[in-house]
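Worksheet: one structure, shown below.
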Amino acid sequence: MLSSRIGQRWIFRSNSGWLGGDRITDVSVLTACSCFVLLGLLMLAKVGLDTLRSDAAARWPTTLGTIVSVQVEELEYGTSTYWFPRVGYRYTLQGRNMLNTQLTPGAQPHWRDRADAERFLERYLNRAGVVVYYNPDNPAETVLEPTHSGRTGPMLGLGLALVALGFWCLALYDWLR
């Protein structure tokens, strides 16, 4: 792609940029493309890290716990409102009574609709006991649902799309020069 023009235009034009156009234009295009690729890679890394956390939590030992409270919490971020399910549970490890609300590894599940959060909580409403997965290295770190929430699909798709967009824009710019 770029190899056919190396040395032809760039050497003889003192104001030429890395891609054969004006320096300002080339820097702008490279910056925008790099931002797309970097943002996409960060999103893909987040998905990968969440998957690794989920896989590790699924292998943790378990103990029995008791549901203490079930509620939906409303939090506002700017102009958006999100609904977070909160499940309080008590468990005993190494002779110590502990209390936690962590449902999943990583970020807690949330919805933009209260009804969706309440539907999620239905699985905990009439249950007295639950299986609690605990980190053997840190017994205070526990989860009720160690597996992926299934909500990483959009982030994975967007991450891949941003990486592809960054490279596509760079190729298109080079082709148009």
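P109: assigned to a loop (DSSP other than H, G, I, E, B) and either in contact with an Asp or Glu (Cβ under 6 Å, 6 or more places away or on another chain) or in contact (Cβ under 8 Å) with a residue 40 or more places away in the chain (or both), yes or no? It would help to see each step written out before you state the result.
Numbers: assigned to a loop (DSSP other than H, G, I, E, B): yes; either in contact with an Asp or Glu (Cβ under 6 Å, 6 or more places away or on another chain) or in contact (Cβ under 8 Å) with a residue 40 or more places away in the chain (or both): yes.
When the stated conditions are applied, P109 passes them.
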Pairs, first in the same structural domain as Y89 (by TED's automatic domain parsing) in region 126-142, second small (G, A, S) and surrounded by 11 or more Cβ atoms within 10 Å (Cβ to Cβ), C-beta under 6 Å, six or more apart: V130/G65; V132/G65; Y133/A57
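Residue by residue, here is whether (1) among the β-branched types (V, I, T); (2) touching a Cys at 6+ places or on another chain (Cβ under 9 Å); (3) surrounded by 15 or more Cβ atoms within 10 Å (Cβ to Cβ) holds:
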| site | (1), (2), (3) |
| --- | --- |
| H110 | no, no, yes |
| F120 | no, no, yes |
| A128 | no, no, no |
| Y133 | no, no, yes |
| N138 | no, no, no |
| E145 | no, no, yes |
| G157 | no, no, no |
| A161 | no, no, no |
| G166 | no, yes, yes |
Log entry, pairs with first residue in region 52-68 being farther than 10 Å from T147 by Cα, second being assigned to a helix (DSSP H, G or I) and modelled with pLDDT of 75 or more, beta carbons closer than 8 Å, six or more apart or on different chains, reads I67/Y124
Conditions first: (1) surrounded by 15 or more Cβ atoms within 10 Å (Cβ to Cβ); (2) under 17 Å from A58 (Cβ atoms). F84 passes all but one, so which condition is the exception? (2)
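Do you know which residues across region 58-95 are in a strand (DSSP E or B), more than 13 Å from H110 (Cβ to Cβ) and among the charged types (D, E, K, R)? First the steps, then the outcome.
Pass one, region 58-95, residues in a strand (DSSP E or B): 62-77, 80-93.
If we keep only those that are more than 13 Å from H110 (Cβ to Cβ) as well, we get 62-71, 87-93.
The answer is R90, and nothing else.
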Which condition from (1) modelled with pLDDT of 85 or more; (2) in the same structural domain as Y133 (by TED's automatic domain parsing) is the one that P109 breaks? (1)
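The values are calculated or read from the model by the stated rules, or taken from the named source; none is laboratory data. Quick caveat: nothing in here was measured; it's all calculated off a predicted structure. Methodologically, a virtual Cβ is constructed for each residue, glycine included, from the backbone with ideal geometry; neighbour enumeration extends over all protein chains shown.
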